[in-house]
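First the structure, in the form of structure tokens, and then the observations on it.
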Amino acid sequence: MATSKIILTDVYKSWGKAEALADINFVCGDGELLVLLGPSGCGKSTTLRLIAGLETPTSGSIEIGGRDVSNLPPVKRNISMVFQNYALFPHLNVAENILFGLKARKVPKKERQKRLKDTAALLGLTEFMDRKPAQLSGGQRQRIALGRAIVAQVSVCLMDEPLSNLDAKLRQEMRQEIRSLQQRLKMTMVYVTHDQVEAMTIADKIILMKDGRIEQHGTPEDLYNRPATAFTGSFIGNPPMNILTSDGPLSKSFPDSSYFLGIRPENISISNTSGIEGQVVAIEYLGADTLIVCQWGEQLITLTVKGKTDALVGDYLRLNWREENIHLFNRDSGVRVSNPAGGTAR
Amino acid sequence: MKLREIGIGKTVETLGAWMLGALWLLPVVFAFWSAFHPAEYSTSFSLFAPLTIDNFVRAWSYAPFPRYLLNTFILVTLILAAQFILCTLAAYGFARFEFFGKNVVFALVLLQLMIMPEVLLVENYRTISNLGLLDTIPAIGLPYMASAFGIFLLRQSFKTIPKELVEAAQVEGLSAVGILWRVYVPLARSTYIAYGLVSVSYHWNNFLWPLVITSSVNSRPLTVGLAIFGAPESGVDWSIITAATVMTMAPLLVAFILFQRQFVQSFMHSGIK
């Protein structure tokens, strides 16, 4: 099978004077699951729509499978797409919804029926074939939308927040299912989400976006362990990284107030002797661990401890961390300036 | 206190509704009464008056009603088909595509809504005459085919169709016409039913324009045929006139009663009231 690598080069997109995307460059490898992650309005969906051909870039080029598709309509790009609200046709039953595109593409009837049967079996939809989407649950509708994407048998699949309308438990199941389907069918997938947990668990690579630009492109481990900016640090991880600043000495290797210090909640420990002193303002017991939010001056620091804590709201705790666990960011640009392994700022 | 006020309001509303209903129903009831009874009972009420269908038989044979019925049937079908095609295409253009002057053109369409067709009687007559279509069935329908109401209604209905569905169809490889036919039209089904009903009943009952433009049995619709039939110079026989009237309205009435539920639902869906 031909390669299905997706390459975006110097892509810009603006509507009138409003710039939606700037300087977008990335490669999504063959068979890779790339997640576009970011807060709402960051341009992740626009990027996906550009790849799909539902929007055209203001400048720059988009290549799919070695072909420049920048100016081709969606149908010529050999892609399938799953929409946030599933985009199922309410007047068609499950089978007709799944086969919608194959009929339009004039796939022979025998082939259509075979693919429908395979897809339905793969997704556990066989018994619902004659139902209308309105008669099915959210999870089943999601499966139909997936079915429509799979039945096309194209190697590039685009997903626009496919799980955001499902409840938490179903979301977890479906994301595992999507991941295993993607690997089994060796699809190249671009997946848009605002949920960092979803991104971390499903992705080969993540692109974190903010205000129409790419903040960081890397593996989930890269983003977690070596956030390139303070924003990445505070976006990835649950609870997110503490981003602190101080005029005084905050840590041995914290140079001065022109820097942010980033420290993950799980890397903060409670000490009797050293560290900064904070007052507990909230305690959230989660079972396996407990979140403690402390007030330190004007800033809040979140830390996690294993199991249950003896601390009470109002107590003063001394918070300590190891030098190798801190991340330093330039306070103006937010860009990373330290190497956490070395632990020294430059 | 408050509860009682609501109670009184409700009573007045109900009474009003019944009165309006009765007012609407009375002529219909009279028409049926008089059509099914001998002439001497047409203006006097007697519960045990003998029933007869003689009036229908006579009306049917006195005037070419079968031909009128056929004309009306052809007329409403022709108009409806033309309206569906023209309005669908126009509404699709307005709802989905951006083009230069779109708003101006749409405003012109809306402007047409504000002009009563009767105002254009003379002008339309001249146009039809220039086309050489005087006294034909298409001539009766032609002024109504590009219906502004239909365009407006379908455009509104098309605009409520989620963009994602259209985009999904685009990704799946449908052409612009394919999207219209396989996404927009099926999803606007209830609007089509509601509009179809309004159109059919309007043109079934339309009188003035057909009267002006037709002059022979071959093109005259039921309403005009009925008026000529009931004209004073042919002598007023209420029984026969009402029998003819019942024949005229029966097909519509029966159709409405049969499809009442669908119609009401469609009206609720499409927002025409």
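Readers should treat all values here as calculations from the given coordinates under stated rules, not as data from a laboratory. Note that the structure is a prediction, hence the values are computed from the model and not measured. All Cβ positions, even for glycine, are placed from backbone atoms using ideal geometry, and neighbour counts span all protein chains on display.
Rounded to the nearest 10 degrees, the angle from helix A:109-123 to the longest Cα principal axis of chain A is 30 degrees. Give the residue from B:244, B:116, B:205 lying farthest towards the positive end of the charge dipole for chain B; charges sit on Cβ (+1 for Lys and Arg, -1 for Asp and Glu) and the dipole is referred to the Cα centre. With unit charges placed on the Cβ atoms, the residue in question is B:116.
Mind grabbing the base-10 log of I(q)/I(0) for segment A:6-225 at q = 0.08, 0.18 Å⁻¹? Debye formula, identical points on the C-alpha positions, no solvent, two decimal places. Values, matching the q order: -0.28, -1.34. Counting, for every residue in A:68-80, the Cβ atoms of other protein chains within 10 Å of its Cβ and taking the mean gives 2. In terms of its Cα atoms, chain B spans 71, 69, 34 Å along the principal axes, sorted from long to short. When shorter helices are ignored and each DSSP H run of at least 4 residues is given -39500 (n - 2.57), the per-residue value for chain A at 222 nm works out to -7500 deg cm²/dmol. Relative to the dominant Cα principal axis of chain A, helix A:138-151 is inclined by about 60°.
In this model, which of A:106/B:163; A:5/B:159; A:110/B:159; A:132/A:169 are farther than 32 Å apart at the alpha-carbon? Checking Cα-Cα distances, A:5/B:159; A:110/B:159 exceed 32 Å. For the residues of A:99-110, the average number of beta carbons from a partner chain within 10 Å of their own beta carbon is 3. Any idea what % of Cα-Cα pairs in segment B:157-208 are farther than 13 Å? For segment B:157-208, the share of Cα pairs beyond 13 Å comes to 63 percent. Only helices enter the 222 nm calculation for chain B: every DSSP H run of n ≥ 4 contributes -39,500 (n - 2.57), and dividing by all residues gives -22500 deg cm²/dmol, rounded to 500. Computed over the alpha carbons of segment A:230-345, Rg followed by Dmax gives 13.7, 39 Å.
For peptide B:159-171, the mean count of partner chain Cβ atoms within 10 Å of a residue's Cβ comes to 6.
Return the whole-Å distance between the Cα centroid of segment A:59-134 and the Cα centroid of segment B:76-100. One Cα centre to the other: 29 Å. Computed across segment A:124-202, the Kirkwood hydrodynamic radius from all distinct Cα-Cα pairs reaches 13.3 Å. Close amide-amide hydrogen proximity is noted between residue A:215 and A:208, A:209, A:210, each under 5 Å apart and 5 or more residues distant or on a separate chain (H modeled in the peptide plane; Pro and chain starts excluded). Any idea what log10 I(q)/I(0) is at q = 0.09, 0.12 Å⁻¹ for the protein assembly as shown, Debye with uniform C-alpha scatterers and no solvent? The Cα Debye sum returns log10 ratios of -0.92, -1.21. Using the Cβ-Cβ distance between residue A:106 and residue B:228 with R0 set to 35 Å, the FRET efficiency works out to roughly 0.05.
Protection proxy ranking for A:32-40, B:222-230, using the average of other Cβ atoms within 10 Å per residue and placing the highest first: A:32-40, B:222-230. Can you give the percent of C-alpha pairs in segment B:109-262 whose distance is more than 18 Å? In whole percent, the long-distance tail amounts to 70.
Model label points for residue B:46 and residue B:77, set 7 angstrom from Cα along the Cα-to-Cβ axis, are 4.5 nm apart.
Normalised size of segment A:1-116, defined as Cα radius of gyration per 2.2 N^0.38 Å with N residues, equals 1.22.
The separation of segment A:198-215 from segment A:11-47, counted between C-alpha centres, amounts to 10 Å. Between residue B:264 and residue B:175, the modelled labels are 4.3 nm apart [label points 7 Å from Cα along Cα→Cβ]. The calculated FRET efficiency for the pair residue A:323 and residue A:285, based on their C-beta separation and a Förster distance of 25 Å, comes to about 0.25. Applying 1/(1 + (r/R0)^6) with r as the Cβ-Cβ distance of residue B:161 and residue A:27 and R0 = 30 angstrom yields a FRET efficiency of 0.25.
The modelled label-to-label distance between residue A:72 and residue A:332, using points 7 Å beyond Cα along the C-beta direction, is 4.6 nm.
Charged neighbours of residue A:172, selected by a Cβ distance under 13 Å, balance to -1 (K, R count +1; D, E count -1).
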